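S.K.: Have a look at the structure that comes next, please.
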Amino acid sequence: MPAPRTVLLTGAAGGLGTLMRELLPQYGYTLRLFDMRPVDGEPDAVVGDLADRDAVREAVRGVDAVVHLAGISLEASFDKILKANIEGTYNLYEAAREEGVRRMVFASSNHAVGYTPRPQGDDPLIPVDTPRRPDTFYGLSKCFGEDLAQLYWDKHGVETVSVRIGSCFPEPTSVRMLSVWMSPADGARLFHAALTAEGVGHTVVYGSSANTRLWWDLRSARALGYEPRDDSEVFAEKLIAEQGELSSSDPSHAHLGGHFVTNPPIWPH
Ligand SMILES: NC(=O)c1ccc[n+]([C@@H]2O[C@H](COP(=O)([O-])OP(=O)(O)OC[C@H]3O[C@@H](n4cnc5c(N)ncnc54)[C@H](O)[C@@H]3O)[C@@H](O)[C@H]2O)c1
């Protein structure tokens with residue numbers, strides 16, 4: 001497969017989309033931006049809803065690959081998750097199939113495995129094939145997206161790298177994030193690897209930096225050519241002084257998904 005040049009970035013107005021539309025062009029991509037909200041400073045961005053099949057098909061037409069970030073990014077009612085994350089992702093894959101797009105990068109989440117107990121002490125890193133244990137309807141929609149990606153590879157030859165992103169922000173803001181943080185620069189490195197690696201079929205990877213306190217196994221990401229360069233440990237002293245170490249008596253510290261397993265099951269969205 002020739003390296004993709006033109007990439008549709010869905011969710012371009014969001015937090016991660018804003019970081020990636022700054023960083024991905026450095027790898028030589030021309031981005032087409034798509035979001036239901038206008039994208040600041042980007043008058044050419046396509047404003048459209050994943051629910052609108054015609055708009056989605058039009059957005060996909062002529063691109064070499066898609067980085068799919070759009071959707072509800074926290075817990076919400078099942079009806080809202082169904083529309084944006086489940087039907088919306090289906091609409092996008094169907095449009096990709098119809099338009100002959102061969103490579104997708106899907107923003108999955110650690111919340112697809114959020115009920116997995118967090119490793120402690122000398123426990124092994126969580127493998128990428130650990131049984132899925134979604135912690136929310138949101139996490140469940142990421143499990144759906146991964147299975148949809150598998151189906152479109154097996155049945156239609158559309159390749160996907162599903163990236164179970166930890167937390168991609170300029171800096172970690174909690175002690176939990178010391179384990180799951182992905183620096184924006186490493187995020188761009190990983191998306192670039194996911195766009196260009198040969199023969200990925202459907203590959204699931206965890207998305208994080210090379211953190212000293214890492215909880216999961218990055219081997220499937222490294223196999224794509226991803227070489228993380230950052231480590232959250234430089235933020236550890238400050239965050240632990242402010243917040244303390246993760247307490248074993250706090251239920252929101254017991255699982256990979258953190259407070260998603262314990263907080264009110266529906267957040268307003
Ligand atoms: N940021 C992270 O650390 C993180 C961690 C794990 C997974 N993810 C996933 O990465 C993606 C981006 O995350 P984010 O933090 O930028 O989220 P965000 O909420 O900031 O951005 C999501 C964007 O999607 C758009 N959107 C929502 N529904 C849409 C629809 N129906 N049609 C078109 N656009 C729609 C929103 O307008 C928004 O701009 C999400 O899929 C999220 O689940 C992010």
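S.K.: Positive end of the charge dipole of segment 30-164 (Lys, Arg +1 and Asp, Glu -1 on Cβ, about the Cα centre): tell me which of LEU140, ILE126, VAL105 has its Cα farthest that way.
M.R.: Going by the charge dipole, the pick is ILE126.
S.K.: Next question. Anyone know which of PRO170, PRO43, PRO184 comes out most mobile in the 10 Å Cα GNM of the chain?
M.R.: PRO43
S.K.: Place a +1 charge on the Cβ of each Lys and Arg in the chain and a -1 charge on the Cβ of each Asp and Glu, then give the dipole magnitude about the Cα centre in debye, rounded to the nearest 20.
M.R.: With only Lys, Arg, Asp and Glu charged at Cβ, the dipole is about 360 debye.
S.K.: So, one more: Specify the inter-centroid distance of segment 56-78 and segment 79-122, based on alpha-carbon positions, in whole Å.
M.R.: Result: 10 Å between the Cα centres.
S.K.: What accessible area per residue comes out for segment 6-262, rounded to a whole number of Å², with a 1.4 Å probe?
M.R.: 43 Å²
S.K.: In addition: How far apart, in nanometres, would the label points at ARG229 and ASP147 be if each is projected 7 angstrom from Cα along the Cα-to-Cβ direction?
M.R.: Label-label distance for ARG229 and ASP147, simple model: 4.0 nm.
S.K.: How large is the charge dipole for segment 31-131, taken about the Cα centre, if only the Cβ atoms of Lys, Arg (+1) and Asp, Glu (-1) carry charge, to the nearest 20 debye?
M.R.: 140 debye
S.K.: Still on this structure, I have one more. Gain in length, SER252 to ALA3, computed as 0.36 nm per residue apart minus the alpha-carbon separation, to one decimal in nm?
M.R.: Extra length from SER252 to ALA3 when fully extended: 85.5 nm.
S.K.: Something else now. For a test of understanding, tell me how many lysine pairs in the chain have Cα atoms under 25 Å apart, given they are 8 or more places apart or on different chains.
M.R.: Close lysine pairs found across the chain: 4.
S.K.: Ignoring GluC sites (Glu not before Pro) that are buried or in helix or strand per DSSP, and keeping those with at most 15 other beta carbon atoms within 10 Å, what is the longest stretch of the chain between them?
M.R.: Between exposed loop sites, the widest span is 1-197.
S.K.: A follow-up question, please. Accessible area of the chain with a 1.4 Å probe: how many percent of it is carbon plus sulfur?
M.R.: Ligands and nucleic acids excluded, carbon and sulfur reach 52 percent.
S.K.: Return a whole-number percent for the relative contact order of the chain, with Cα pairs under 8 Å and 6 or more residues apart as the contact set.
M.R.: RCO, the chain: 19 percent.
S.K.: Please work out the C-alpha center-to-center distance from segment 180-235 to segment 22-54 and express it in whole Å.
M.R.: With segment 180-235 and segment 22-54 each reduced to a Cα centre, they are spaced 23 Å.
S.K.: Taking the convex hull of the Cα atoms, report for the chain its projected area averaged over all directions, in nm².
M.R.: 13.6 nm²
S.K.: Starting from the Cα of ILE240, move 7 Å in the Cα-to-Cβ direction to define the label point; list residues of segment 177-198 whose amide nitrogen is under 17 Å from there.
M.R.: Output list for this probe position: 177-181.
The values are calculated or read from the model by the stated rules, or taken from the named source; none is laboratory data. Note that the structure is a prediction, hence the values are computed from the model and not measured. Every residue, glycine among them, receives a Cβ derived from its backbone with ideal geometry; neighbour counts consider all protein chains shown. Accessible surface is based on the protein model in full, side chains and every heavy atom, while ligands, DNA and RNA are left aside. Shrake-Rupley method; radii C 1.70, N 1.55, O 1.52, S 1.80 Å.
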